[in-house]
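Written out below as structure tokens is the structure these notes cover.
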Amino acid sequence: MSSGTKDGDAGATHSGKDDFATRDQLRAMAHPLRLEIMERVGRRGTARAADVAADLGIPANSVSYHLRILARGGVVEEAPEAARDRRDRVWRLTQLSFEHGRRTGGPDNDPEATDVEYLDASGATSLAAFEWIRSAWNAEIARYRSRDIAPEDGLGSLFATSLRLSKEQMRELNRTINAALHEYQLINRDELGANLPGDPESDQEAYTFKVLWAAVGELSPQQERSRERRESGDGATDGGEAPGSQPSDGSSTASPSSRA
């Protein structure tokens with residue numbers, strides 16, 4: 001998941017660290033409930049397990065368990081300045097953003113992780129993000145089933161299609177959508193990504209919308225053969241690769257916001 005500040009400094013973090021996720025952070029994040037807990041902590045700014053449990057309607061001891069896993073992975077840390085006393089455990093995110101993927105993985109991002117280990121963790125977190133959005137969509141379907149809701153009162157939007165583009169055109173589309181999402185992600189939030197009381201930048205009632213942007217290319221048999229020959233050192237080509245076939249410029253899940 002990726003987040004930013006009002007002045008456009010998308011790399012700013014709570015602790016001054018880079019906004020890329022390490023392998024251990026990704027391993028901790030690779031669970032849809034932990035992604036939701038991250039989101040709740042991030043949008044509150046700081047939170048106790050009881051706060052998040054009340055938001056989600058689940059037991060506080062379950063939230064505490066997942067917060068401990070996130071803490072061991074370096075995703076959250078204690079915020080003692082927000083605690084009432086030494087026994088009061090209050091949490092905050094360690095970073096504003098947890099970008100990940102092939103382009104940001106490996107030694108430059110996590111010196112202790114091999115590329116395979118990092119990509120496995122990145123892939124698991126990306127799949128958790130799909131589960132995170134699927135749960136929200138199921139809740140919207142259930143809401144429609146339980147009440148007679150007019151289309152204009154719905155809170156869900158889905159667009160599914162395929163595109164025929166070059167890799168560079170796909171990258172351009174990805175940059176355009178990411179820029180738009182980043183702009184809207186800053187509305188009604190402070191410089192650390194926490195929700196502003198009263199939603200001062202919305203003229204009407206504001207809601208939380210969960211968003212997942214994903215695009216994946218597929219290779220034709222001819223393109224598969226061409227890639228295999230290049231990888232084997234043959235050098236011959238039959239045509240271009242499918243756009244998006246490398247997860248090098250795309251995005252994934254933190255309040256996290258994540259790009260994979």
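Numbers for the structure displayed
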| item | result |
| --- | --- |
| Identity of the residue in the stretch 174-211, farther than 23 Å from ARG40 by Cβ and crowded, with 16+ Cβ neighbours inside 10 Å, that ends up farthest from the chain's Cα centre (by Cα) | ASN174 |
| Meets criteria (of a type in the set (Gly, Ala, Ser), more than 15 Å from VAL211 (Cβ to Cβ) and surrounded by 14 or more Cβ atoms within 10 Å (Cβ to Cβ)) for ALA124 | yes |
| Test: residue in the stretch 160-177 that is under 26 Å from ILE37 (Cα atoms), in a loop (DSSP other than H, G, I, E, B), in contact with a Pro (Cβ under 8 Å, 6 or more places away or on another chain) and not charged (D, E, K, R) | no |
| Selection count where residues are under 21 Å from ASP24 (Cα atoms) and outside any loop (DSSP other than H, G, I, E, B), scope the stretch 63-92 | 15 |
| Residue within the stretch 33-48 that is crowded, with 16+ Cβ neighbours inside 10 Å, outside any helix (DSSP H, G or I), more than 18 Å from the chain's Cα centre (by Cα) and of a type in the set (D, E, K, R) present | yes |
| Filter result for GLY217 (farther than 30 Å from GLN95 by Cα, at pLDDT below 95 and either exposed (fewer than 14 other Cβ atoms within 10 Å of the Cβ) or of a type in the set (Asp, Glu) (or both)) | no |
| Inter-residue pairs, beta-carbon under 7 Å, first of a type in the set (Asp, Glu) and in the stretch 213-230, second surrounded by 15 or more Cβ atoms within 10 Å (Cβ to Cβ) and in a loop (DSSP other than H, G, I, E, B), 6+ apart | GLU218/ALA242 |
| Residue under evaluation ARG143, criteria (1) modelled with pLDDT of 90 or more; (2) in a helix (DSSP H, G or I); (3) basic (Lys, Arg), criterion not met | (1) |
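The values are calculated or read from the model by the stated rules, or taken from the named source; none is laboratory data. Model, not experiment: these values are computed from the prediction. Using ideal geometry, Cβ is built from the backbone for each residue, glycine included, and neighbour counts are taken over all protein chains shown.
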